[in-house]
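Novice: Input: one structure, supplied below.
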Amino acid sequence: MEKRAKNDSSLQQVGVIYQYLIALKDCFELKEDENLYIETHGDITVISSNKGKKFQKEVKHHLSEKKLSDRDIDFWKTLTNWYNDYDRYKDFKELILHTTSQISEISSFYNWDKLSNEEKLKKIKLIGKLEKEKEKIFREEYKKIFNENLDRKWLLELLGKLSIKFYENKIDKISEDFSKYILHIQEGERDNYISYLLGILLKKVKKPPHKCEISKREFEEICQTVTKTYYRTEKLDLPDVESPTDEIQKEYEDKKFVKAILEINYSEKIREAINDYWKANIVAREIFIDCSHIKKFENYKNELESKLKNQKEILKLEKINNNTSLEECIKNSKILYLKVMNWNVEDFWIYKNQIFFQRGVIHDIIDQKEIDWKVGEF
(Lines give C-alpha, C1' and ligand atoms only; values in the text may rest on other atoms or scores of the structure.)
Protein backbone atom coordinates (compact mmCIF):
# COMPACT_ATOMS: atom_id res chain seq x y z
CA MET A 1 0.00 0.00 0.00
CA GLU A 2 1.32 3.43 -0.93
CA LYS A 3 2.22 5.55 2.11
CA ARG A 4 0.23 8.75 2.59
CA ALA A 5 1.96 12.09 2.26
CA LYS A 6 2.35 14.07 5.47
CA ASN A 7 0.06 16.78 4.16
CA ASP A 8 -2.58 14.33 2.92
CA SER A 9 -5.91 15.43 4.43
CA SER A 10 -8.10 12.90 2.63
CA LEU A 11 -9.04 11.11 5.86
CA GLN A 12 -10.26 14.38 7.33
CA GLN A 13 -12.31 14.99 4.21
CA VAL A 14 -13.93 11.56 4.64
CA GLY A 15 -15.19 12.70 8.03
CA VAL A 16 -16.64 15.90 6.57
CA ILE A 17 -18.35 14.05 3.72
CA TYR A 18 -19.72 11.51 6.20
CA GLN A 19 -21.16 14.34 8.31
CA TYR A 20 -22.96 15.73 5.26
CA LEU A 21 -24.27 12.28 4.35
CA ILE A 22 -25.77 11.92 7.83
CA ALA A 23 -27.25 15.41 7.45
CA LEU A 24 -28.70 14.38 4.09
CA LYS A 25 -30.29 11.33 5.70
CA ASP A 26 -31.82 13.61 8.36
CA CYS A 27 -33.24 15.79 5.57
CA PHE A 28 -35.43 12.86 4.51
CA GLU A 29 -36.88 12.79 8.05
CA LEU A 30 -37.76 16.50 8.24
CA LYS A 31 -41.33 17.43 9.19
CA GLU A 32 -43.31 20.23 7.54
CA ASP A 33 -42.22 23.01 9.90
CA GLU A 34 -38.60 21.94 10.35
CA ASN A 35 -35.29 23.30 9.08
CA LEU A 36 -31.95 21.51 9.10
CA TYR A 37 -28.69 23.37 9.79
CA ILE A 38 -25.10 22.24 9.31
CA GLU A 39 -22.28 23.85 11.29
CA THR A 40 -24.54 26.38 13.01
CA HIS A 41 -25.07 25.02 16.53
CA GLY A 42 -22.76 22.09 15.88
CA ASP A 43 -22.46 19.38 13.24
CA ILE A 44 -26.19 18.91 12.50
CA THR A 45 -29.21 20.67 13.95
CA VAL A 46 -32.95 20.41 13.36
CA ILE A 47 -35.22 23.22 14.56
CA SER A 48 -39.02 23.44 14.25
CA SER A 49 -40.74 26.78 13.75
CA ASN A 50 -43.58 25.57 15.99
CA LYS A 51 -41.99 23.13 18.44
CA GLY A 52 -38.59 24.72 18.91
CA LYS A 53 -35.17 23.08 18.95
CA LYS A 54 -35.62 19.38 18.14
CA PHE A 55 -32.08 18.01 18.25
CA GLN A 56 -28.42 18.82 17.88
CA LYS A 57 -26.15 16.04 16.65
CA GLU A 58 -22.40 15.56 16.74
CA VAL A 59 -21.02 13.08 14.22
CA LYS A 60 -17.93 10.92 14.80
CA HIS A 61 -16.64 8.66 12.01
CA HIS A 62 -13.84 6.08 12.18
CA LEU A 63 -12.69 4.01 9.20
CA SER A 64 -11.22 1.29 11.42
CA GLU A 65 -13.06 -0.81 13.98
CA LYS A 66 -13.24 1.14 17.22
CA LYS A 67 -14.89 0.90 20.61
CA LEU A 68 -16.08 3.93 22.55
CA SER A 69 -13.85 3.77 25.64
CA ASP A 70 -14.73 5.33 28.98
CA ARG A 71 -12.19 8.12 28.44
CA ASP A 72 -12.86 8.49 24.74
CA ILE A 73 -12.36 12.05 23.55
CA ASP A 74 -15.28 11.64 21.12
CA PHE A 75 -17.57 11.53 24.14
CA TRP A 76 -15.81 13.90 26.53
CA LYS A 77 -15.16 16.76 24.11
CA THR A 78 -18.75 16.55 22.92
CA LEU A 79 -20.04 16.55 26.49
CA THR A 80 -17.89 19.50 27.62
CA ASN A 81 -18.85 21.54 24.54
CA TRP A 82 -22.51 21.09 25.39
CA TYR A 83 -22.02 21.58 29.13
CA ASN A 84 -20.03 24.80 28.79
CA ASP A 85 -22.49 26.48 26.41
CA TYR A 86 -25.69 26.42 28.45
CA ASP A 87 -27.48 29.23 26.61
CA ARG A 88 -27.00 27.56 23.22
CA TYR A 89 -28.10 24.04 24.17
CA LYS A 90 -30.52 24.37 27.10
CA ASP A 91 -33.63 24.42 24.86
CA PHE A 92 -32.79 21.41 22.69
CA LYS A 93 -35.01 18.41 23.31
CA GLU A 94 -32.27 15.94 22.38
CA LEU A 95 -28.49 16.05 22.11
CA ILE A 96 -27.15 13.17 20.03
CA LEU A 97 -23.69 11.65 19.75
CA HIS A 98 -23.70 9.75 16.45
CA THR A 99 -20.69 7.45 16.20
CA THR A 100 -19.45 4.50 14.18
CA SER A 101 -17.77 3.18 17.34
CA GLN A 102 -19.08 0.13 19.15
CA ILE A 103 -19.91 -0.02 22.86
CA SER A 104 -18.82 -3.09 24.78
CA GLU A 105 -20.80 -4.62 27.63
CA ILE A 106 -18.15 -3.54 30.15
CA SER A 107 -18.25 0.09 29.02
CA SER A 108 -19.72 2.79 31.27
CA PHE A 109 -21.80 3.75 28.23
CA TYR A 110 -23.40 0.31 27.85
CA ASN A 111 -27.22 0.65 27.83
CA TRP A 112 -26.68 4.40 28.17
CA ASP A 113 -30.12 5.40 26.91
CA LYS A 114 -31.78 3.17 29.51
CA LEU A 115 -30.00 4.75 32.48
CA SER A 116 -31.53 7.42 34.70
CA ASN A 117 -29.91 10.87 34.79
CA GLU A 118 -28.48 10.17 38.23
CA GLU A 119 -27.03 6.83 37.08
CA LYS A 120 -25.40 8.52 34.10
CA LEU A 121 -23.87 11.18 36.33
CA LYS A 122 -22.55 8.59 38.76
CA LYS A 123 -20.94 6.57 35.95
CA ILE A 124 -19.15 9.44 34.22
CA LYS A 125 -17.94 10.94 37.49
CA LEU A 126 -16.51 7.57 38.51
CA ILE A 127 -14.55 7.36 35.24
CA GLY A 128 -12.26 10.19 36.31
CA LYS A 129 -11.83 9.12 39.91
CA LEU A 130 -8.67 7.17 39.13
CA GLU A 131 -5.87 9.37 37.77
CA LYS A 132 -3.52 7.84 35.19
CA GLU A 133 -0.15 8.89 33.75
CA LYS A 134 -1.21 9.25 30.10
CA GLU A 135 -4.49 11.04 30.36
CA LYS A 136 -3.73 14.70 29.73
CA ILE A 137 -6.44 15.34 27.14
CA PHE A 138 -9.08 13.39 29.03
CA ARG A 139 -8.25 15.04 32.36
CA GLU A 140 -8.48 18.51 30.82
CA GLU A 141 -11.96 17.76 29.51
CA TYR A 142 -13.03 16.05 32.74
CA LYS A 143 -12.00 19.06 34.84
CA LYS A 144 -14.00 21.40 32.63
CA ILE A 145 -17.05 19.74 34.19
CA PHE A 146 -16.03 18.28 37.52
CA ASN A 147 -14.58 21.24 39.38
CA GLU A 148 -15.61 23.58 42.20
CA ASN A 149 -18.02 25.35 39.85
CA LEU A 150 -19.94 22.22 38.87
CA ASP A 151 -23.51 23.04 37.82
CA ARG A 152 -25.10 19.77 38.89
CA LYS A 153 -28.62 20.74 37.85
CA TRP A 154 -27.60 21.59 34.28
CA LEU A 155 -25.36 18.52 34.01
CA LEU A 156 -28.23 16.24 35.04
CA GLU A 157 -30.53 17.95 32.55
CA LEU A 158 -27.91 17.63 29.81
CA LEU A 159 -27.33 13.94 30.53
CA GLY A 160 -31.07 13.38 30.28
CA LYS A 161 -31.06 14.88 26.78
CA LEU A 162 -27.89 13.08 25.67
CA SER A 163 -28.35 9.92 23.64
CA ILE A 164 -25.63 7.82 22.00
CA LYS A 165 -26.30 6.35 18.56
CA PHE A 166 -23.44 3.87 18.34
CA TYR A 167 -22.15 1.35 15.80
CA GLU A 168 -23.70 3.35 12.98
CA ASN A 169 -22.77 2.44 9.40
CA LYS A 170 -19.42 3.75 8.20
CA ILE A 171 -19.10 5.69 4.98
CA ASP A 172 -18.58 2.54 2.89
CA LYS A 173 -21.93 1.16 4.08
CA ILE A 174 -23.90 4.41 4.34
CA SER A 175 -25.84 3.69 1.13
CA GLU A 176 -27.80 1.07 3.09
CA ASP A 177 -29.20 3.83 5.33
CA PHE A 178 -30.77 5.60 2.35
CA SER A 179 -32.51 2.57 0.83
CA LYS A 180 -35.91 3.11 2.47
CA TYR A 181 -36.03 6.73 1.27
CA ILE A 182 -35.18 6.13 -2.39
CA LEU A 183 -37.11 3.02 -3.43
CA HIS A 184 -38.41 5.07 -6.37
CA ILE A 185 -34.90 5.44 -7.78
CA GLN A 186 -33.40 2.83 -10.10
CA GLU A 187 -31.07 0.58 -8.10
CA GLY A 188 -28.10 1.21 -10.37
CA GLU A 189 -28.57 4.97 -10.03
CA ARG A 190 -29.10 5.30 -6.28
CA ASP A 191 -25.51 6.21 -5.42
CA ASN A 192 -25.55 8.82 -8.20
CA TYR A 193 -28.83 10.21 -6.87
CA ILE A 194 -27.44 10.53 -3.33
CA SER A 195 -24.21 12.05 -4.66
CA TYR A 196 -26.19 14.66 -6.57
CA LEU A 197 -28.17 15.63 -3.46
CA LEU A 198 -24.97 15.66 -1.41
CA GLY A 199 -23.43 18.03 -3.92
CA ILE A 200 -26.32 20.45 -3.46
CA LEU A 201 -25.75 20.52 0.32
CA LEU A 202 -22.01 21.04 -0.14
CA LYS A 203 -22.64 23.81 -2.67
CA LYS A 204 -24.62 25.71 -0.05
CA VAL A 205 -21.51 26.23 2.09
CA LYS A 206 -19.35 27.72 -0.68
CA LYS A 207 -20.40 31.26 0.14
CA PRO A 208 -19.86 33.02 3.50
CA PRO A 209 -20.75 32.40 6.28
CA HIS A 210 -20.14 28.84 4.99
CA LYS A 211 -23.15 27.29 6.69
CA CYS A 212 -25.95 25.20 5.30
CA GLU A 213 -29.65 25.67 6.03
CA ILE A 214 -32.47 23.81 4.30
CA SER A 215 -36.20 23.50 4.93
CA LYS A 216 -38.48 20.51 4.40
CA ARG A 217 -40.16 22.25 1.45
CA GLU A 218 -36.89 23.23 -0.21
CA PHE A 219 -35.52 19.71 0.16
CA GLU A 220 -38.66 18.16 -1.32
CA GLU A 221 -38.50 20.52 -4.30
CA ILE A 222 -34.85 19.57 -4.90
CA CYS A 223 -35.69 15.85 -4.67
CA GLN A 224 -38.57 16.22 -7.14
CA THR A 225 -36.29 17.93 -9.65
CA VAL A 226 -33.46 15.42 -9.31
CA THR A 227 -35.81 12.42 -9.29
CA LYS A 228 -36.84 13.08 -12.90
CA THR A 229 -33.35 12.01 -13.97
CA TYR A 230 -33.10 8.85 -11.89
CA TYR A 231 -36.73 7.67 -11.50
CA ARG A 232 -37.31 3.96 -11.89
CA THR A 233 -39.74 2.84 -14.59
CA GLU A 234 -40.41 -0.73 -13.46
CA LYS A 235 -42.91 -1.33 -10.65
CA LEU A 236 -42.09 -3.13 -7.41
CA ASP A 237 -44.12 -6.00 -5.98
CA LEU A 238 -45.83 -5.39 -2.67
CA PRO A 239 -44.31 -7.34 0.24
CA ASP A 240 -45.74 -10.81 0.88
CA VAL A 241 -47.90 -11.00 4.01
CA GLU A 242 -49.54 -14.05 5.57
CA SER A 243 -53.22 -13.95 6.43
CA PRO A 244 -54.18 -13.24 10.06
CA THR A 245 -54.81 -16.10 12.45
CA ASP A 246 -58.24 -16.87 13.91
CA GLU A 247 -57.16 -15.14 17.12
CA ILE A 248 -56.29 -11.96 15.22
CA GLN A 249 -59.57 -12.18 13.31
CA LYS A 250 -61.48 -12.10 16.61
CA GLU A 251 -59.52 -9.07 17.82
CA TYR A 252 -60.82 -7.05 14.88
CA GLU A 253 -64.51 -7.96 15.15
CA ASP A 254 -65.32 -4.73 17.05
CA LYS A 255 -63.72 -2.45 14.49
CA LYS A 256 -65.91 0.22 12.89
CA PHE A 257 -65.40 -1.14 9.36
CA VAL A 258 -66.68 -4.56 10.54
CA LYS A 259 -69.77 -3.01 12.11
CA ALA A 260 -70.39 -1.13 8.86
CA ILE A 261 -70.61 -4.48 7.04
CA LEU A 262 -72.95 -5.91 9.66
CA GLU A 263 -75.22 -2.87 9.23
CA ILE A 264 -75.99 -4.00 5.67
CA ASN A 265 -76.53 -7.64 6.72
CA TYR A 266 -73.41 -8.88 4.91
CA SER A 267 -71.77 -10.91 7.68
CA GLU A 268 -70.44 -13.49 5.19
CA LYS A 269 -68.01 -10.83 3.93
CA ILE A 270 -66.48 -10.02 7.32
CA ARG A 271 -63.71 -12.63 7.39
CA GLU A 272 -62.43 -11.59 3.97
CA ALA A 273 -62.66 -7.90 4.96
CA ILE A 274 -60.63 -8.38 8.15
CA ASN A 275 -58.09 -10.40 6.19
CA ASP A 276 -57.65 -7.59 3.61
CA TYR A 277 -57.63 -4.83 6.26
CA TRP A 278 -54.99 -6.57 8.39
CA LYS A 279 -52.70 -7.42 5.48
CA ALA A 280 -52.97 -3.94 3.97
CA ASN A 281 -52.02 -2.27 7.25
CA ILE A 282 -49.01 -4.58 7.70
CA VAL A 283 -47.81 -3.79 4.18
CA ALA A 284 -48.35 -0.05 4.58
CA ARG A 285 -46.30 0.02 7.77
CA GLU A 286 -43.52 -1.97 6.12
CA ILE A 287 -43.38 0.30 3.08
CA PHE A 288 -43.74 3.66 4.73
CA ILE A 289 -42.27 3.32 8.23
CA ASP A 290 -39.94 6.26 8.97
CA CYS A 291 -40.23 7.27 5.35
CA SER A 292 -40.80 10.70 3.85
CA HIS A 293 -42.93 9.12 1.08
CA ILE A 294 -45.94 8.69 3.39
CA LYS A 295 -47.64 11.48 1.43
CA LYS A 296 -47.83 9.18 -1.57
CA PHE A 297 -49.92 6.75 0.49
CA GLU A 298 -52.11 9.54 1.89
CA ASN A 299 -52.81 10.80 -1.63
CA TYR A 300 -53.73 7.26 -2.70
CA LYS A 301 -56.17 6.95 0.22
CA ASN A 302 -57.71 10.34 -0.55
CA GLU A 303 -58.30 9.32 -4.17
CA LEU A 304 -60.00 6.08 -3.09
CA GLU A 305 -62.14 7.95 -0.56
CA SER A 306 -63.32 10.43 -3.18
CA LYS A 307 -64.09 7.62 -5.62
CA LEU A 308 -66.02 5.73 -2.93
CA LYS A 309 -68.16 8.75 -2.07
CA ASN A 310 -68.94 9.36 -5.74
CA GLN A 311 -69.88 5.71 -6.29
CA LYS A 312 -72.23 5.84 -3.31
CA GLU A 313 -73.84 9.08 -4.50
CA ILE A 314 -74.45 7.62 -7.97
CA LEU A 315 -76.28 4.62 -6.48
CA LYS A 316 -78.39 6.90 -4.30
CA LEU A 317 -79.46 8.95 -7.29
CA GLU A 318 -80.21 5.87 -9.39
CA LYS A 319 -81.91 3.67 -6.81
CA ILE A 320 -83.29 5.64 -3.89
CA ASN A 321 -86.54 7.59 -3.64
CA ASN A 322 -89.22 8.22 -1.03
CA ASN A 323 -90.82 4.83 -1.70
CA THR A 324 -87.65 2.73 -1.44
CA SER A 325 -88.17 -0.11 1.05
CA LEU A 326 -85.72 -1.28 3.71
CA GLU A 327 -85.12 -4.49 1.75
CA GLU A 328 -84.24 -2.48 -1.35
CA CYS A 329 -81.92 -0.20 0.64
CA ILE A 330 -80.04 -3.21 2.01
CA LYS A 331 -79.86 -4.74 -1.47
CA ASN A 332 -78.46 -1.52 -2.95
CA SER A 333 -75.97 -1.26 -0.09
CA LYS A 334 -74.69 -4.73 -0.88
CA ILE A 335 -74.46 -3.77 -4.55
CA LEU A 336 -72.35 -0.77 -3.56
CA TYR A 337 -70.10 -3.00 -1.46
CA LEU A 338 -69.61 -5.50 -4.29
CA LYS A 339 -69.00 -2.80 -6.91
CA VAL A 340 -66.31 -1.16 -4.75
CA MET A 341 -64.68 -4.44 -3.77
CA ASN A 342 -64.46 -5.36 -7.46
CA TRP A 343 -62.98 -2.11 -8.72
CA ASN A 344 -60.06 -2.57 -11.10
CA VAL A 345 -56.80 -2.46 -9.19
CA GLU A 346 -54.67 0.52 -10.14
CA ASP A 347 -50.97 0.70 -9.39
CA PHE A 348 -49.86 3.46 -7.07
CA TRP A 349 -46.52 5.21 -6.80
CA ILE A 350 -43.79 2.62 -7.56
CA TYR A 351 -45.79 -0.48 -6.64
CA LYS A 352 -47.81 -3.07 -8.53
CA ASN A 353 -51.01 -2.95 -6.55
CA GLN A 354 -52.91 -6.05 -5.42
CA ILE A 355 -56.61 -6.49 -4.76
CA PHE A 356 -56.14 -7.24 -1.04
CA PHE A 357 -54.25 -3.98 -0.55
CA GLN A 358 -56.80 -1.82 -2.34
CA ARG A 359 -59.69 -3.45 -0.48
CA GLY A 360 -57.84 -3.20 2.83
CA VAL A 361 -57.22 0.51 2.33
CA ILE A 362 -60.92 1.03 1.54
CA HIS A 363 -61.88 -0.73 4.78
CA ASP A 364 -59.37 1.51 6.57
CA ILE A 365 -61.15 4.55 5.10
CA ILE A 366 -64.49 3.24 6.38
CA ASP A 367 -62.88 2.65 9.77
CA GLN A 368 -61.47 6.17 10.07
CA LYS A 369 -63.87 8.42 8.17
CA GLU A 370 -67.52 9.44 8.46
CA ILE A 371 -68.65 7.14 5.68
CA ASP A 372 -70.42 3.75 5.54
CA TRP A 373 -71.99 1.31 3.08
CA LYS A 374 -75.63 2.26 3.63
CA VAL A 375 -77.41 3.41 0.49
CA GLY A 376 -80.57 5.10 1.69
CA GLU A 377 -82.03 5.51 5.17
CA PHE A 378 -82.29 2.48 7.48
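Novice: What is the dipole size for segment 12-159, taken about its Cα centre, with +1 at each Lys and Arg Cβ and -1 at each Asp and Glu Cβ, in debye to the nearest 20? Walk me through the intermediate numbers first.
Specialist: Working: 28 positive and 28 negative charges, 88 e Å.
Around 420 debye, computed over segment 12-159.
Novice: Then there is this: Aspartates and glutamates near K77 by alpha-carbon distance under 15 Å, same-chain residues fewer than 8 away left out - which ones?
Specialist: Cross-link targets: D43, E58, D85, E135, E140, E141.
Novice: Rg/Rh for segment 231-332 to two decimals, with Rh computed the Kirkwood way over all alpha-carbon pairs.
Specialist: Details: Rg = 17.7 Å, Rh = 16.7 Å.
Result: Rg/Rh = 1.06.
Novice: Once you have the Kirkwood Rh of segment 78-128 from its Cα pairs, apply Stokes-Einstein at 37 °C and 0.692 mPa s and quote D in µm²/s. If you can, show how the numbers build up before the last one.
Specialist: On the way: Rh = 12.6 Å.
Rounded to a whole number, D works out at 260 µm²/s.
Novice: Do any of K165/K352; K250/K331; K54/K153 go past 30 Å between their Cα atoms, and which?
Specialist: Values: K165/K352 36 Å; K250/K331 27 Å; K54/K153 21 Å.
Table pairs above 30 Å Cα-Cα are K165/K352.
Novice: Once Rh is set to the Kirkwood radius over Cα pairs, what Stokes-Einstein translational diffusion coefficient, in µm²/s, holds for segment 278-378 at a temperature of 4 °C and a viscosity of 1.567 mPa s?
Specialist: Numbers: Rh = 14.8 Å.
Stokes-Einstein gives a translational diffusion coefficient of 88 µm²/s.
Novice: Which percent of the accessible heavy-atom area of the chain goes to carbon and sulfur, probe 1.4 angstrom? Walk me through the intermediate numbers first.
Specialist: Numbers: 10150 of 21710 Å².
In the chain, the share of accessible area belonging to carbon and sulfur is 47 percent.
Novice: On to the next question. If you line up the long axis of helix 10-27 against the longest principal axis of the chain, both from Cα atoms, how many degrees apart are they, to the nearest 10?
Specialist: Here the helix axis deviates by roughly 30 degrees.
Novice: What fraction of the Cα pairs in segment 211-270, stated in percent, has a spacing above 20 angstrom? Write down the numbers at each step before the final one.
Specialist: Values: 1118 of 1770 pairs.
That tail contains 63 percent of the Cα-Cα pairs.
Novice: Just the number please: accessible area per residue for the chain, 1.4 Å probe, all protein chains included, in Å². Can you show the working numbers first?
Specialist: Working: 21710 Å² over 378 residues.
The answer is 57 Å² per residue.
Novice: Please compute the length gained on full extension between K206 and N81, using 0.36 nm multiplied by the number of residues separating them and subtracting their Cα-Cα distance. Present the calculation step by step, with values, prior to reporting the outcome.
Specialist: Working: separation 125, 0.36 × 125 = 45.00 nm, distance 2.60 nm.
This chain segment gains 42.4 nm when fully extended.
Novice: Only helical DSSP H runs with n ≥ 4 go in: add -39500 (n - 2.57) per run for the chain, normalise by residue count and round the 222 nm mean residue ellipticity to 500 deg cm²/dmol.
Specialist: About -15500 deg cm²/dmol.
Novice: Can you flag which of K67/K144; K114/K170; K136/K204; K235/K259; K235/K312 are past 27 Å Cα-Cα? List each step's numbers first, then the result.
Specialist: On the way: K67/K144 24 Å; K114/K170 25 Å; K136/K204 38 Å; K235/K259 35 Å; K235/K312 31 Å.
Those over the limit are K136/K204; K235/K259; K235/K312.
Novice: Follow-up. Would you mind checking which residues have amide H under 5 Å from D43's amide H? H placed 1.01 Å from N; only 5 or more apart, or other chain.
Specialist: The list, which skips near neighbours in sequence, is K57, V59.
Novice: Which value in Å is the Kirkwood Rh of segment 119-209 over different Cα pairs? Walk me through the intermediate numbers first.
Specialist: Values: mean 1/r = 0.0559 Å⁻¹.
When all Cα pairs of segment 119-209 are included, the Kirkwood radius is 17.9 Å.
Novice: Let me ask something else. In straight Cα distance, which aspartates and glutamates are under 17 Å from K307, not counting same-chain residues fewer than 8 positions off?
Specialist: Filter leaves E298, E318, E346, D347, D364, D367, E370, D372.
Novice: Roughly what percent of Cα-Cα pairs across segment 164-297 reach past 21 Å? Before the final figure, lay out each step's value.
Specialist: Details: 5467 of 8911 pairs.
Tail of P(r) above 21 Å: 61 percent of Cα pairs.
Novice: Give the span of the chain's Cα atoms along each principal axis, as three whole-Å numbers ordered largest to smallest.
Specialist: Reported extents, whole Å, longest axis first: 95, 47, 38.
Novice: In addition: Would you please put 99-111, 348-360 in order of how densely packed they are, using the mean number of other Cβ atoms within 10 angstrom per residue and starting with the highest? Don't jump to the answer; show the numbers that get you there.
Specialist: Numbers: 99-111: 16.2, 348-360: 18.8.
Most protected by this proxy first, the peptides run 348-360, 99-111.
The values are calculated or read from the model by the stated rules, or taken from the named source; none is laboratory data. What you are looking at is a predicted structure, and each value in this text was computed from that prediction instead of being measured. Every residue, glycine among them, receives a Cβ derived from its backbone with ideal geometry; neighbour counts consider all protein chains shown. Note: accessible area is taken over every heavy atom of the protein model, side chains too, but ligands, DNA and RNA are not part of it. Shrake-Rupley method; radii C 1.70, N 1.55, O 1.52, S 1.80 Å.
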